[in-house]
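Notes for the one structure printed next.
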Ligand SMILES: [Zn+2]
């Protein structure tokens, strides 16, 4: 049994060792001393042949005493040193950086100024074996040493689709490509890793039974210096601070990944310059895939071509780090099943919330608005209306298309307000659903009144209250008078057609800012990226075209609440990529309209005539409701609602 460990010892000693540089051999000597206690007594100017002899002698000592443990550890580290090719003399002897809490690594690579060679040691392997490092099953002694090393899992940003659970490598740095270098410059980093036995079991189970949950997968995560920096690494000039928390995935320009020298297809690379818009790469997608053999050493090579400039500072290029991670994966189908299964929230309660928010918050735009029944991503009628509980708007989007758009660019943004949403906070809006079920398919939108009432433009469908009110007789002259009364009371009444609504316009302009460094860009389900213009919520377009003087469909109840994003990210991650409406737009609250009033001017004259002028302003919603209920009961207001 024990023969397995020493099987290709002679190759290692006679082929691998002599190929190494003096600098690397010195590192080998260090490893020998650290792990076996053998002091090689190197001179400061040791000749290479002497160095090789001393290292061979030390290894022979291990061989003679059958010290498998030390041999396996030292050999693995030597191979990692050989693969890393430190070019900058002197750096090898610097203490490795701590990688933000990651233990110091023997395979830290200094920035390299040229393409790295491939692994120097490429001993032909007997067919059917997995390579020299196949240590599993070589006896109880060596089994104890075959346990792969423990790595510190970085705090990668989670996603509904993946949950990082275990690291299989350090945070490995890709050799830099400076912004001044040619776009053809290619640099790579090779990393050796082992699949722990328990991980192999999980992977095998996932493969043999696709219905088992969760599924497991080995993924390559990559981050740029915009979001991750090892401790001790100075920030480039002007670079923002990083927390190394909730690190989003970002790949360099033209990344390539090889698993055991086979190309891993790399399609989903994210949006240019948008951290957090790409999934982690499935390295099992190479033609041969991962070899599930205990103790086998696999190799991942990541490379990039050409510099990746820092946004807005093209004179700097980003650095990149990557880590191999075991993930629990959730498929899109499973996520869709979960969303489809969401019970609708209580419609009446949702409506009441709308009313209350509108009544309590001075910043809310008052007036009617268009509420689109179409999904902003697909343009199709919404089937399962969802939104986040953190969204301040009633406007929903469709569960299926939202997932579809997150498949290749998993940003999980609200298609309307561009907030980054948490999957667990997504709800199926019962009120929106009630509108969908009440309105036939040939209607694309309804009008939402500020009190929460809705109706179709032609008045055929609407909440019971709205239909009741608007079915009342309305002589022209008194109706006009009533309208005047309303507009006097409400500075934002839709009847004030000539007054540009500056506050709201400003919000729209901010939202539709097409600066692609800052604006979230929504991925279309067909894979095309919407440009800045399309990323403008479609409901704005709908409202501005169909009802030019109406307030936009999205009543953003959170315009003045600048803490939301920070809440969602523990306040530690800069939300640079998710621009939101500025606080300034909140200063355009409606003076004097502490409570929303029916915006419609179609109230019957008898209704208006019976309200003392001074009380128009002072009735609260409940009183309005009581008032109309009383009128309805008395037969003064006609019509039946077809609402809920
Ligand atoms: Zn939203």
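A simple spin-label model places the labels of residue 204 and residue 383 3.9 nm from each other, with each point 7 Å out along Cα-to-Cβ. Put simply, when 426-434, 201-209 are sorted by average Cβ atoms within 10 angstrom per residue, most first, you get 426-434, 201-209. Taking 0.36 nm per residue of separation and subtracting the Cα-Cα distance, full extension of the segment from residue 312 to residue 10 would add 103.3 nm.
Fewest-first ordering of 435, 218 by other beta carbons within 10 Å of each residue's beta carbon gives 218, 435. Please work out whether the stretch 373-440 counts as rounded, prolate or oblate from its C-alpha gyration tensor, where a ≥ b ≥ c are the square roots of the eigenvalues and a/c under 1.5 means rounded, while otherwise a/b larger than b/c means prolate and anything else oblate? Oblate, because a/c is 1.5 or more while a/b does not exceed b/c. FRET efficiency for the residue 19 to residue 246 pair, using the beta carbon distance and R₀ = 56 Å, is estimated at 0.85.
The relative contact order of the stretch 193-246 comes to 22 percent, based on Cα pairs under 8 Å that sit 6 or more residues apart.
If you take the square roots of the eigenvalues of the alpha-carbon gyration tensor of the stretch 29-79 and sort them as a ≥ b ≥ c, do you get rounded (a/c under 1.5), prolate (a/b over b/c) or oblate? Here the stretch 29-79 falls in the prolate category. Reducing the stretch 206-264 and the stretch 66-84 to their Cα centroids gives an inter-centroid distance of 27 Å. Working from Cα pairs under 8 Å separated by at least six residues, relative contact order for the stretch 1-65 is 35 percent.
Computed extension length for residue 234-residue 39: 66.7 nm, one decimal, from 0.36 nm per residue of separation with the Cα-Cα distance subtracted.
Among 378, 49, 224, 212, the order by Cβ neighbours within 10 angstrom, fewest to most, reads 49, 212, 378, 224.
Taking 0.36 nm per residue of separation and subtracting the Cα-Cα distance, full extension of the segment from residue 333 to residue 152 would add 62.0 nm. What shape does the stretch 232-346 have by the C-alpha gyration tensor, where a ≥ b ≥ c are the square roots of the eigenvalues, rounded means a/c under 1.5, and otherwise prolate means a/b greater than b/c and oblate the rest? In terms of gyration-tensor shape, oblate. Remark: relative contact order (the stretch 380-439) = 42 percent; criterion is Cα-Cα distance under 8 angstrom and separation of 6 or more residues. Cβ crowding within 10 Å, taken as a proxy for footprinting-reagent exposure, orders 61, 14, 463, 21 from fewest neighbours to most as 14, 61, 21, 463. Residue ranges 439-448, 261-270 sort as 439-448, 261-270 when ordered by packing (mean number of other C-beta atoms within 10 Å per residue, highest first).
All of the numbers you see were taken from the coordinates with simple rules; none came from a lab. Just so it is clear, the structure is predicted and the values come from calculations on it, not from any experiment. Heads up, the Cβs are rebuilt from the backbone with ideal geometry, glycines too, and the neighbour counts pull from every protein chain shown.
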